[in-house]
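The values are calculated or read from the model by the stated rules, or taken from the named source; none is laboratory data. Every value quoted in this text rests on a predicted model; they were computed, and no experiment measured them. Reconstructed Cβ throughout: ideal geometry from the backbone, glycine too, with neighbour counts over all protein chains shown. Keep in mind that these areas ignore ligands, DNA and RNA; they rest on the heavy atoms of the full protein, side chains included. Shrake-Rupley method; radii C 1.70, N 1.55, O 1.52, S 1.80 Å.
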Amino acid sequence: MLDLSPKIHDEARQGEAYAPFAKDENPYRKHFYIESYGCAMNFADSEIVASILNDKGFGATRNVEEADLIFINTCSIREKAEQTVRKRLTEFKKLKRARRGMLVGVLGCMAERLKAKFLEEEKLVDLVVGPDAYRTLPNLIEEAEGGQKAVNVLLSRDETYADIAPVRLNSNGISAFVSIMRGCNNMCSFCVVPFTRGRERSRDAESIVAECAGLYNEGYKEVTLLGQNVDSYYHINEEKDETVTFASLLEKVALISPDLRVRFSTSHPKDITDDVLHAMAKYENICKYIHLPVQSGNSRILQLMNRTYTREWYMAKVDRIREILPGCGISSDIITGFCTETEEDHQETMSIMEYSRYDMSYMFFYSERPGTLAARRYQDDVPEAVKKQRLVQIVALQGKLSRESNERDLGKIFQVLIEGESKKSESDWMGRSSQNKVIVFPKAGNAFKPGDYATVEVVDFTQATLIGRNVSQP
Ligand code: SAH
Ligand code: SF4
Ligand code: F3S
């Protein structure tokens, strides 16, 4: 039996399987199925792709068995992410053999990284389309239908898809991702993203605010502004002679309504300014949560990683956040076993985690990516067993820090945006605090529905979840 149901793919972060679905009035038109891997940006891109295909008359389907076109939106961040995609492709290829005329297309970062080589490696793939070329999908599909192999992996300096309204057919109707920029100029030495996503460019502020306002009018209660490095957002509106920075963009979005929560991801420690922190302090609805990836706690390794900050600089940034935004949640990304990392360097990563008191972290062992600065310059010399053993240690430490962070919340009261029923119990609601912590609390005796705000006191906790009771005033 082939397992072709959409799955959760959290290879990079924040990901969930995504298969847009529309009730179809015309069962005879062609249907596409799309599955996404990797970071939130890829999931947001799939919504753009769905929009482009819908406009051309294709219908979305959640059922891969009835698809005429299967798309897989791929991630290259670590080797394992690529392996997962290859495995899934093998399943799709089996399906293709059984169904004449069905096309398989590879989108996203792996398409960009491997380009036409993909078609040599994976003979049953018909289309290879990079992240900046989605507007050409309808033409490429035509080419592929005519029996040609279709490839477009051109990167762009200005594509932001600003005018395309993403199709959000599979969302919970409460939170949505909004892309505010694309690409990355940072060149962290371990990272493939600058090669797969191209140069950084910011989307115009007006289209961002309009999209967020539109979401609010449709009943959404939370938007997450997305970019690889949101703090370097920068857009000049020549007509209005206005320069919009990330801090001023945050304000504009926060002003849409005090009822609309605003989140953002990801912040690069070198770029998050006091202006951003002050904007967060000024508006209650800008969530008090910053994802601030440290990667390593050792200054020498940070330099090899080309992160452009030192251990001390990062610690000062954490102090500044705690000073301007007391009670702000902070999370991190950490890599173990980067080139030349010693046991002492690793211990410094552990101690910076303790210092920063992360509420949560995404942790990985280093995976060399072809073509990156690190692959060209440094030897991947930490044995895999050591990388993994260090990873086990930081995962255990993060577990302890998360429990401690949750313990500090005991007795505190939070505004919780209810996202739905708790997965574990029908009699509980599940939502998040401004600090991005998951809180569950009993439904009993209250008339809430998903999308409502509840005032909840924390009475208990596990490592991953706060347990509360409703104390909202009727
Ligand atoms: N732009 C974001 C990160 C995107 S990638 C930022 O700068 O924070 C998400 C995370 O994957 C990175 O923060 C890093 O911790 C991890 N990562 C990236 N390349 C990696 C590699 N080659 N091996 C292991 N982890 C990697
Ligand atoms: Fe990669 Fe660094 Fe850019 Fe993040 S900031 S996407 S880690 S190059
Ligand atoms: Fe992966 Fe590309 Fe995102 S490599 S993490 S999908 S930008």
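Shape verdict for segment 30-152, please, from the Cα gyration tensor: rounded (a/c under 1.5), prolate (a/b greater than b/c) or oblate. Because its axes are fairly even, with a/c under 1.5, segment 30-152 counts as rounded.
Beyond 18 Å in Cα-Cα separation lie the following of the pairs Lys221/Lys252; Lys56/Lys96; Lys87/Lys123; Lys56/Lys149; Lys221/Lys449; Lys288/Lys400: Lys56/Lys96; Lys56/Lys149; Lys288/Lys400.
If a/c stays under 1.5 just call it rounded; otherwise compare a/b with b/c (prolate if a/b is bigger, oblate if not). Do that for segment 192-289, with a ≥ b ≥ c from the square roots of the Cα gyration tensor eigenvalues.
rounded
Measuring nothing but how far apart in sequence close Cα pairs (under 8 Å, 6+ apart) lie, relative to its length, the chain scores a relative contact order of 9 percent. Of the accessible area of the chain, computed with a 1.4 Å probe over protein heavy atoms only, carbon and sulfur atoms account for 51 percent.
Per residue, segment 289-408 exposes 42 Å² of accessible surface when a 1.4 Å probe is rolled over the protein heavy atoms with every protein chain present. Built from the Cα atoms of segment 289-408, the convex hull projects on average onto 7.1 nm², one quarter of its surface area.
Extension gain for Thr90-Asn306 works out to 74.1 nm (0.36 nm per residue, less the C-alpha to C-alpha distance). For Ser472 and Met187, a Förster radius of 51 Å and the Cβ-Cβ distance give a FRET efficiency of 0.60, rounded to the nearest 0.05.
Taking other residues whose beta carbon is less than 12 angstrom from the beta carbon of Arg263, and scoring Lys, Arg as +1 and Asp, Glu as -1, yields +3. Our helix-only sum for the chain, with -39,500 (n - 2.57) per DSSP H run of n ≥ 4 divided by its residues, gives a mean residue ellipticity at 222 nm of -10000 deg cm²/dmol. Once the C-beta distance of Phe448 and Leu410 is scaled by a Förster radius of 22 Å, the resulting FRET efficiency is 0.45 to the nearest 0.05. Label-to-label distance, Asn237 versus Ala98, with points set 7 angstrom from Cα along the beta-carbon direction: 5.3 nm. Summarising the label geometry, the points placed 7 Å from Cα in the beta-carbon direction at Asp204 and Glu120 lie 4.2 nm from one another. Length gained on full extension, Glu344 to Glu368, computed as 0.36 nm times the residue gap minus the Cα-Cα distance: 6.5 nm.
Which net charge results when you count Lys and Arg as +1 and Asp and Glu as -1 among the other residues whose beta-carbon is under 14 Å from that of Leu277?
-2
Under a 5 Å amide H cut-off, with hydrogens placed 1.01 Å from N, Ile286 pairs with Val262 among residues at least 5 apart or on other chains. Counting only the Cα atoms, the chain fills a convex hull of 159 Å³ per residue. Averaged over its residues, segment 53-209 has an accessible area of 41 Å² per residue, based on protein heavy atoms and a 1.4 Å probe. Our estimate of slack between Val395 and Ser427, defined as 0.36 nm per intervening residue step minus the Cα-Cα distance, is 8.4 nm. Peptides 94-106, 44-56 ranked from most to least packed, by the mean per-residue count of other Cβ atoms within 10 Å: 44-56, 94-106. Scanning the chain for long hydrophobic helices, with DSSP H runs required to stretch 30 angstrom or more by C-alpha along their axis and to average at least -1.0 on the Kyte-Doolittle scale, returns 384-408. Just need the relative contact order of segment 413-470 here, percent rounded to a whole number, with Cα pairs under 8 Å and 6+ apart. It rounds to 35 percent for segment 413-470. Near Glu343: Cβ cut-off under 13 Å, other residues only, Lys/Arg at +1 and Asp/Glu at -1. The net charge is -2.
In terms of the Cα gyration tensor, with a ≥ b ≥ c the square roots of its eigenvalues, is segment 413-470 rounded because a/c is under 1.5, prolate because a/b exceeds b/c, or oblate? It comes out rounded by the Cα gyration axes.
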